[in-house]
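Just below is one structure, and these are the notes that go with it.
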């Protein structure tokens, strides 16, 4: 009987450790400090590297043209749940809330913000997601960069987020 009681306790400790280790809300910034990502962020600007804005028409996140994301608000909850809201202004912009599941991952020393559009699904039922490199991060601003193919080359979309 003793082993039956210690096994659930061990599993509970393991689960708690995994849950705490996977909490995406605090991220170390390039200057070495920690930044809490939870809260509301707004895309204040979008720039492009590798192409002129003239004639560049790309749908991002399998959702809307990249220009629709200027002014979008992203609500990041510490448990990984969240939403982003696309404004309805602009050509081809279908406004409204999108439910996401987000996290931050470090690969080869580079930090990435990643998310899945989950809609009414559970995150583990959605296989596809999006990964944007965290180029800079402070308490009040964040620069995320996404590489997209365009006319046979790679173009980088830079999203500036502010609080």
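The set of residues in region 49-62 that are surrounded by fewer than 17 Cβ atoms within 10 Å (Cβ to Cβ), within 21 Å of residue 115 (Cα to Cα) and in contact with a helix residue (DSSP H, G or I) (Cβ under 9 Å, 6 or more places away or on another chain) comprises 58, 59.
Being closer than 19 Å to residue 102 by Cβ and without any contact (Cβ under 8 Å) to a residue 24 or more places away in the chain holds for only one residue in 60, 86, 77, 43, and it is 86.
Only the coordinates and a few stated rules stand behind these numbers; no lab work does. Everything quoted here is computed from the prediction, not taken from an experiment. All Cβ positions, glycine included, derive from the backbone under ideal geometry; neighbour counts span all protein chains shown.
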